[in-house]
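The values are calculated or read from the model by the stated rules, or taken from the named source; none is laboratory data. Nothing here was measured: the structure is a model prediction, and the numbers come from that model. No Cβ is skipped: glycine too gets one built from the backbone with ideal geometry, and neighbour counts run over all protein chains shown.
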């Protein structure tokens, strides 16, 4: 019986013999040429071939659905054989049924090739409930794939490489603007900044409050102790405490968010300090405190930007053309404030004011205000009779700092023109003016008498001493100063040597000798002795400073010299650590003067600056006497502010 079937791929018709059943072959259709399996022949019973009746169909259905297929008489396995045909020599033979699926050798002695015994199909009825496979139950079946048929088993995930090659990855993500990310970053940074600023503000405000509380406590303590002190001691001490509060507020104005308000606070405290000084009777101690206020006035000056932000004052009034003043507008300038403060010094002796003028001139020159030094100071501090000598003293100080100064040249020219044919006049005699003329080559030198004897006329000494110092001839200047016959002339010339010399030791030794010979004579200016004491402290000559301070007759000025020595000593050697023994305070509050408070404040201020320990310094100064303890608190506040 032939097997008729069609190719499952191209439907090419075949009619093959039964012996090829189950074999695999390649389709003969040249357009197909795919491997196909020859199906087994279908046996149709005779009764069905003739035309199946109802009974026959019923029987076949029952047989198919029966739990057990109909029994077929089986041939014993021992009798079953498998026909074999050698694929090499076509030799035919049989193998036992048990060797199905195994290898066997061709019995032809000329061949002897290894052959695989095929597995014969058992002639059993088809059982649709039993799978026709030797694979495990859940094993994947290798079914033949049909053309045009898509199976769910063939579904696979598309690889990223395939997507990139196909260009399908370009639109996978929607493009996003960078603007939201930028705003997110700004928001995060702003949040962090707000938190940090809040913490910093909280800590800073607490620290500033504690420092402000120090000054407030100091004022409360001093007001409570003022009744036990002398009027001069209480009044001038109050002025110094107001000045300390002004300095604190002034420094705080540059870092406080309300800087303009802090500047107003500083001005209010400074006004109170000047009023306290103004209330005191004229005296050396009052002038010493007023001199410190004059120097403190310069701290109110600032840059153009600081002036614009109302954190500092300008040097001169605004004279911009067309600028209209606002109603009730009050302007502050350094020119105005310095003039007001210097008025407190006008009753002082000339030598004291000259020493203050030299100190102010040096500070003004440092800040580029030479014109204010040469124009304002002579008018604000000196009378008309003193003007020539005062202008020359200031011009010589400028010339020492700048040998090519045009301002010094101008002052010399104006003084020379004002002298006329009658020569220089004034009280005191303007020896400094004559020295200025010679330095600027506007006059002939003044000859110095030969030898080493005393010179009765002060003119050769006081004119030539500054000229020798300008030429850096310090030993010659000191020797010339000591040749003066009058002690006051000697001390005046020696004081200038100590002021200008890089090494003031010889001049200070000479000054101590002059003061020791003269004792407490009225001819020796206490202002010169005070200045020499300050210069000795600055140079580290502490024994000389003490000797000079003890030579002062006025108790108030003596206490000031001893207290002020602390400030000058620390300026010369900042690494020293002062203690309370540097300034001895009387047990009697009536004898406590402004100098005691001033010196103790510098002790606390310097130690706090070095230690940065507020509570430790408060504890260290807790046992200070009542009248000076407020200045320990003020010194601690200022020391915490110092850098």
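Condition check ((1) buried (at least 20 other Cβ atoms within 10 Å of the Cβ); (2) within 37 Å of the chain's Cα centre (by Cα); (3) at pLDDT 95 or above) across all residues:
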residue: 288; (1), (2), (3): yes, no, yes
residue: 300; (1), (2), (3): yes, yes, yes
residue: 322; (1), (2), (3): no, no, no
residue: 329; (1), (2), (3): no, no, no
residue: 341; (1), (2), (3): yes, no, yes
Among the residues in the stretch 601-620, are any exposed (fewer than 15 other Cβ atoms within 10 Å of the Cβ) and more than 35 Å from the chain's Cα centre (by Cα)?
no
Failed item in (1) buried (at least 19 other Cβ atoms within 10 Å of the Cβ); (2) modelled with pLDDT under 95; (3) more than 25 Å from residue 338 (Cα to Cα), with residue 203 passing the rest:
(1)
State whether one or more residues within the stretch 528-540 are in a helix (DSSP H, G or I) and farther than 28 Å from residue 398 by Cα.
no
Quick check on the stretch 433-454. Is at least one of its residues crowded, with 16+ Cβ neighbours inside 10 Å, part of a helix (DSSP H, G or I), in contact (Cβ under 8 Å) with a residue 60 or more places away in the chain and in contact with a helix residue (DSSP H, G or I) (Cβ under 9 Å, 6 or more places away or on another chain)?
no
Scope the stretch 550-595; condition assigned to a loop (DSSP other than H, G, I, E, B) and over 45 Å from the mean Cα position of the chain (by Cα); matching residues:
551, 552, 553, 554, 586, 587, 588
Which one of the conditions (1) under 19 Å from residue 599 (Cβ atoms); (2) surrounded by fewer than 16 Cβ atoms within 10 Å (Cβ to Cβ) does residue 568 fail to meet, given that it meets all the rest?
(2)
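With the requirement that a residue be farther than 11 Å from residue 390 by Cα and touching a helix residue (DSSP H, G or I) at 6+ places or on another chain (Cβ under 8 Å), what does the stretch 357-368 give you?
Scanning the stretch 357-368 gives 359, 360, 361, 362, 363, 364, 365, 367.
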Name the one entry in 47, 67, 63 that is touching a helix residue (DSSP H, G or I) at 6+ places or on another chain (Cβ under 8 Å) and modelled with pLDDT under 75.
47
Kindly provide the set of residues from the stretch 340-359 that are in a helix (DSSP H, G or I) and either in contact with a strand residue (DSSP E or B) (Cβ under 7 Å, 6 or more places away or on another chain) or under 22 Å from residue 493 (Cβ atoms) (or both), ordered by number.
350, 351, 352, 353, 354, 355, 356, 357, 358, 359
Identify, please: which residue in the stretch 18-34 is within 25 Å of residue 82 (Cβ to Cβ) and at pLDDT 85 or above and is, among those, surrounded by the most Cβ atoms within 10 Å (Cβ to Cβ)?
25
Any residue at all in the stretch 261-284 that's in contact with a helix residue (DSSP H, G or I) (Cβ under 6 Å, 6 or more places away or on another chain), farther than 23 Å from residue 373 by Cα and touching a residue at least 60 places away in the same chain (Cβ under 8 Å)?
yes
